[in-house]
Amino acid sequence: MGKTDWKAEAKALKKKVRKLKDTLTTAAAPVAEAVSEAIGDVVAATKKALKPVSPLAPASFPALPTIKGAEFAAVEAGVRYQNRKDVMLVRLAPGTTMAGVFTRSSTRSGCVRDCQDKLALKVPAGAGAAIIVNSGNSNAFTGSVGDQAVAAVTGAVADALGIPSSRVFSSSTGVIGEPLPHERITAKVSDLVAALQEDAVEMAAQAIMTTDTFPKGAAATVQGEGGTIHISGIAKGSGMIAPDMATMLVYIFTDAKIGANQLQKMVSRNVDATFNSITVDSDTSTSDTLLIAATGQSSAAELKGPALKAFETALAGVMRDLALQVVRDGEGATKLVEVRVTGAATDEDAAKVAFSIANSPLVKTAVAGQDPNWGRIVAAVGKSGAAADRDRLTIRFGDHLVATKGWRNPDYREEDGASYMQGQDLVFAVDLGLGKGKRSVWTCDLTARYVEINADYRS
């Protein structure tokens with residue numbers, strides 16, 4: 001029996017083992033990739049589950065009418081968020097008129113300044129328009145780098161759509177002070193253009209969300225001369241909400257035939273009673289933007305007379321609906337509160353009192369705790385800076401007369417107030433008894449969830 005060459009045997013065996021290992025690795029690669037993707041999906045689903053939808057949210061996203069001349073798309077660009085669409089594009093037909101209002105913050109973003117500049121320019125005849133929005137990064141307080149990012153994004157969209165860059169409007173929302181990775185957006189422009197379609201507005205609403213727990217939409221129709229006029233709007237907003245124009249990102253689309261100047265006046269007239277009448281936390285954003293686009297594609301004649309008035313009423317309704325949805329989605333909110341002030345010496349005084357109450361942490365935490373602590377409302381009235389007289393002041397919780405003539409109403413029962421505070425939609429009515437000034441403001445409660453969201457915002 002010959003002597004076995006164990007070294008050779010070992011070498012041959014090692015070779016077989018390596019070959020088998022390589023085979024198994026190759027075979028397992030698709031499985032590993034699938035497992036990795038599945039884990040990613042599970043993680044994303046878990047995160048979504050841990051982010052509960054506001055209890056004040058509507059049952060579902062509304063059915064928004066198709067706006068002829070407006071097309072929408074959204075993609076995943078990974079600006080900050082993973083496994084979700086975070087950039088949306090809107091293409092608007094030639095002849096579209098545009099209007100807008102913006103934050104008056106002295107530290108407003110490059111996108112806001114760019115939009116303001118472009119709306120002031122003369123529109124090239126027959127030019128179309130576009131809106132591109134990203135979430136996850138606000139591109140605010142980023143210096144000249146931020147301005148370059150705006151130019152890069154709007155320029156890429158202009159080239160892809162064949163429209164002047166002066167007609168591409170952009171918005172960014174999210175973390176302040178971090179450079180926008182604009183190359184991630186420009187790399188997706190061709191995908192966005194390829195995906196454009198008239199019925200993708202809900203997807204667009206989802207793409208602009210940050211700490212929002214639900215997408216926001218509202219709509220209206222108006223009978224014009226010779227046809228129906230449609231209005232469709234989307235918005236985002238949940239925190240950093242306080243009046244100073246639009247208090248959020250809002251995009252409203254209509255097929256109405258209306259000039260830009262007339263459209264601008266209409267939006268400006270209705271902003272105070274809607275977007276300037278909500279507050280979540282008294283903090284104004286650097287990126288607040290409201291843009292409205294009228295494609296002129298309705299079969300109805302150009303707006304005038306009664307049809308024009310009806311359109312403005314419907315537009316104001318859409319604006320109010322979107323504004324209240326923002327409050328209903330206030331970070332950590334469990335209750336919607338209308339602060340209704342009447343009898344002030346002036347409308348300005350009424351606003352001072354309303355916002356003093358609506359922004360009071362003591363009032364908002366009492367609401368969260370379902371505590372009918374009307375003394376906190378008295379204190380908020382007193383600190384507002386508005387004219388007030390103790391002996392003329394009246395306070396109501398809904399239909400319950402709480403205080404009047406400088407003292408608690410003798411017929412008021414604390415248990416009635418406590419029972420009322422258990423509701424989700426509350427009205428605090430304050431009459432100052434001094435004049436005809438009035439203002440209504442909407443806010444929400446202040447809960448521990450608000451602290452959790454904002455303490456963890458950048459992680």
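No value in this document is a laboratory result; all are computed from the given coordinates. Because the structure is a prediction, the values reported are computed rather than measured. Backbone-built Cβ (ideal geometry, glycine too); neighbour counts: all protein chains shown.
Quick notes on this one:
- For the chain, excluding the exposed loop sites themselves (GluC sites (Glu not before Pro), DSSP loop, at most 16 other Cβ atoms within 10 Å), the longest remaining stretch covers 303-459.
- Taking a ≥ b ≥ c as the square roots of the eigenvalues of the Cα gyration tensor, region 107-166 is classed as prolate, since a/c reaches at least 1.5 and a/b is larger than b/c.
- Of (i) 1.22; (ii) 1.15; (iii) 0.98, the label for Cα Rg over 2.2 N^0.38 Å derived from the coordinates: (i)
- Seen from E302, the other residues with C-beta closer than 15 Å to its C-beta sum to a net charge of 0, counting Lys and Arg as +1 and Asp and Glu as -1.
- Listed by chain and number, the aspartates and glutamates whose C-alpha is less than 19 Å from the C-alpha of K15, apart from same-chain residues fewer than 8 away, are D5.
- For region 70-328: relative contact order, % (alpha-carbon pairs under 8 angstrom, 6 or more apart): 25
- Shown for F253, F428, F214: other C-beta atoms within 10 Å of each C-beta, ranked fewest to most, produce the order F214, F428, F253.
- Of all DSSP beta bridges in the chain, antiparallel share, percent nearest 5: 70
- Charging the Cβ of each Asp and Glu at -1 and of each Lys and Arg at +1, and nothing else, the dipole of the chain about its Cα centre rounds to 1200 debye.
- Only beta bridges with both residues in region 336-455 are counted; by DSSP, about 70 percent of them are antiparallel.
- Which listed pairs, of K265/K335; K85/K236; K68/K304; K118/K309; K257/K309, have C-alpha distances above 23 Å, in listed order: K265/K335; K118/K309
- Mean separation of Cα contacts under 8 Å (6+ apart) over length of the chain, as relative contact order %: 16
- Beta bridges per DSSP with both ends in region 88-193, % antiparallel, nearest 5: 40
- Of the trypsin sites (Lys or Arg not before Pro) found in region 358-455, the ones in coil according to DSSP and having at most 12 other Cβ atoms within 10 Å of their Cβ are K405, R413, K436.
- Taking other C-beta atoms within 10 Å as the exposure proxy, L196, L121, L56, L315 rank L121, L196, L56, L315 from fewest upward.
- Centre-to-centre, using Cα atoms only, region 104-129 and region 303-334 are separated by 23 Å.
- 222 nm mean residue ellipticity, helices alone, for the chain (DSSP H n ≥ 4; -39,500 (n - 2.57); rounded to 500): -12000 deg cm²/dmol
- Nonlocal Lys pairs with alpha-carbon distance under 20 Å, region 336-455 (8 or more apart, or different chains): 9
- Relative contact order, percent, region 116-201 [alpha-carbon distance under 8 Å, six or more residues apart]: 38
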